[in-house]
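Each remark here refers to the structure printed beneath this line.
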């Protein structure tokens, strides 16, 4: 008779082993996601700062124009406009094509997206003081870290909160489009405050969702699928961070006097 292990005799030991393996895999996966996100933010910052400070690059994206009143104003070139629109295209491709893209293609698109975001964010150096940008960045980093840790560790189900946050996000987009026409500073402050609340909540929600998705799908999609999924999840957290940073900068940032 063939030997068959009596699995019923050791349910606790096997359960502990299985849980330990899953926990180790989850920690490694979350570390990979955060590494992708942090690396993307570093690349974005380097590109944005380089374009803002290197004259040859700056002139390719922005030009000084003298108005009829004799004032010097900075205007974006066609390359700058393209840089502002490019991130949306990368997000759409990564979001809808993550299952069709190869692992290398998904990672390459992520790097290209982060570089394009850096080029599109260069304008903040024209509007805000550099020290203020740094201060708001660290405030954003602290807020993001606190909410992401809470989303990872809390036992509360944040699924219901996600639907309200999504509706809030849609409301912010609509209000921003309306304010683009009316140019109301009061409405912009309200939009920024609500936006900070929404993206702070989305940070916790997305962190919990990423954790739950790994537990449910990690073994089904295999190592290659997990690698691609980590890029997509990093993209979600990256977008939460960037949006939170821009909204806090609008609320707390000190504008250049010139």
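Tabulated values for the structure
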item: In region 92-101, the residues that are under 18 Å from residue 223 (Cα atoms), in contact with a helix residue (DSSP H, G or I) (Cβ under 8 Å, 6 or more places away or on another chain) and modelled with pLDDT of 80 or more; result: 101
item: Any pair with Cβ under 9 angstrom, 6 or more apart, that starts in region 43-63 at a residue that is without any contact (Cβ under 8 Å) to a residue 60 or more places away in the chain and ends at one that is surrounded by fewer than 16 Cβ atoms within 10 Å (Cβ to Cβ) and outside any helix (DSSP H, G or I); result: 59/77; 60/77; 63/74; 63/75; 63/77
item: Region 219-240, residues that are in contact (Cβ under 8 Å) with a residue 40 or more places away in the chain, surrounded by 14 or more Cβ atoms within 10 Å (Cβ to Cβ) and either more than 22 Å from the chain's Cα centre (by Cα) or under 23 Å from residue 176 (Cα atoms) (or both); result: 235, 237, 238, 239, 240
item: Matching residues in region 177-203 - criterion: being at negative phi and not in a helix (DSSP H, G or I); result: 184
item: So residue 159, is it at pLDDT below 90 and either in contact with a helix residue (DSSP H, G or I) (Cβ under 9 Å, 6 or more places away or on another chain) or surrounded by 16 or more Cβ atoms within 10 Å (Cβ to Cβ) (or both); result: yes
item: Matching residues in region 106-155 - criterion: being farther than 30 Å from residue 63 by Cβ and more than 19 Å from the chain's Cα centre (by Cα); result: 153, 154, 155
item: Residue 177 vs. criteria surrounded by fewer than 19 Cβ atoms within 10 Å (Cβ to Cβ), under 30 Å from residue 126 (Cβ atoms), touching a helix residue (DSSP H, G or I) at 6+ places or on another chain (Cβ under 6 Å) and at pLDDT below 95; result: no
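The values are calculated or read from the model by the stated rules, or taken from the named source; none is laboratory data. These figures come from a predicted structure and were not determined experimentally. Backbone-built Cβ (ideal geometry, glycine too); neighbour counts: all protein chains shown.
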